[in-house]
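The values are calculated or read from the model by the stated rules, or taken from the named source; none is laboratory data. Just so it is clear, the structure is predicted and the values come from calculations on it, not from any experiment. Note that each Cβ is placed from the backbone with ideal geometry, even for glycine, and that neighbours are counted across all protein chains shown. Note: areas computed on protein heavy atoms with side chains; ligands, DNA, RNA excluded. Shrake-Rupley method; radii C 1.70, N 1.55, O 1.52, S 1.80 Å.
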Amino acid sequence: MRLASLVAILLAVSATALAYTTPGSGVRWTLDDLVAQSGGAVTANGLNQYSVHESVVIAVSDTLEIDRETLVVFTTSTPGHELDVHGALLARFATFTDENWQPGGWYGIRFRDTGPGSALVLEHCTIKCARNAVDVVYDDIELLRCTIRRSLEKAIDLTGAGGVIRECTIE
């Protein structure tokens, strides 16, 4: 029993170590800001194309805003990495996917209610090849005219959560 607990703790610590976390200072981030500040966790691959090499955590009180047609590719160098939102994610016209277009190649977008200012609003977005594309616990979300394709386990997982999901397609 103790060995199993120790292994679980070590796995949680190693997963956390492979993540870039924004500082939680109330800043509105763009992907270009993450490229500049994340120490290689997020890189730019050309005009409006970005690669995410490890999990990215948007801290409480911070916001990641994607307001143009953008491709965000999660590399398979770290299986299970995710976009973990404790603050806010406001995205329009973005595509989130795995680099090999294989279902389950990345975890997905995880959103937890962390208090005032936390929000998940996706509009005209596409989420492809995630294990659990949108995983929400205890908060309301807005998914408007989004497409979710080729999820390995779940397209949308709402635990104690609600909100608006309108004109979305799940394939």
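I need the full set of residues from the stretch 31-71 which are of a type in the set (Val, Ile, Thr), in contact with a helix residue (DSSP H, G or I) (Cβ under 8 Å, 6 or more places away or on another chain) and over 22 Å from residue 114 (Cβ atoms), in order please.
Within the stretch 31-71, 43, 70 meet the criteria.
Is it the case, given these coordinates, that residue 138 is among the aromatic types (Phe, Trp, Tyr), under 23 Å from residue 159 (Cβ atoms) and more than 10 Å from the chain's Cα centre (by Cα)?
Here the answer is yes, as residue 138 does meet what is asked.
Find the residue count for the stretch 118-171, including only residues that are open to solvent by 40 Å² or more (accessible area, probe 1.4 Å), in contact with a Lys or Arg (Cβ under 7 Å, 6 or more places away or on another chain), free of Cβ contacts under 8 Å to residues at least 40 places away in the same chain and closer than 18 Å to residue 107 by Cα.
Final tally of qualifying residues: 2.
Given the condition in a loop (DSSP other than H, G, I, E, B) and touching a Gly at 6+ places or on another chain (Cβ under 8 Å), answer yes or no: does some residue in the stretch 157-169 qualify?
Checked against the condition, which is being in a loop (DSSP other than H, G, I, E, B) and touching a Gly at 6+ places or on another chain (Cβ under 8 Å), the stretch 157-169 yields no hits at all.
Name the residue that is surrounded by the fewest Cβ atoms within 10 Å (Cβ to Cβ), counting only residues in the stretch 21-44 that are touching a residue at least 12 places away in the same chain (Cβ under 8 Å) and part of a strand (DSSP E or B).
Restricting to residues being touching a residue at least 12 places away in the same chain (Cβ under 8 Å) and part of a strand (DSSP E or B), the top hit is 28.
Taking residue 149 and the conditions (1) in contact with a Cys (Cβ under 9 Å, 6 or more places away or on another chain); (2) more than 13 Å from residue 169 (Cβ to Cβ), which numbered condition does it fall short on, given that it satisfies the others?
(2) is the only condition that residue 149 fails.
Given (1) in contact with a His (Cβ under 8 Å, 6 or more places away or on another chain); (2) of a type outside the set (Asp, Glu); (3) at negative phi, identify the lone condition not met by residue 93.
(3)
For the stretch 95-122, which positions are farther than 12 Å from residue 150 by Cβ, in contact with a strand residue (DSSP E or B) (Cβ under 8 Å, 6 or more places away or on another chain), modelled with pLDDT under 95 and part of a loop (DSSP other than H, G, I, E, B)?
Correct list: 99, 113, 117, 118.
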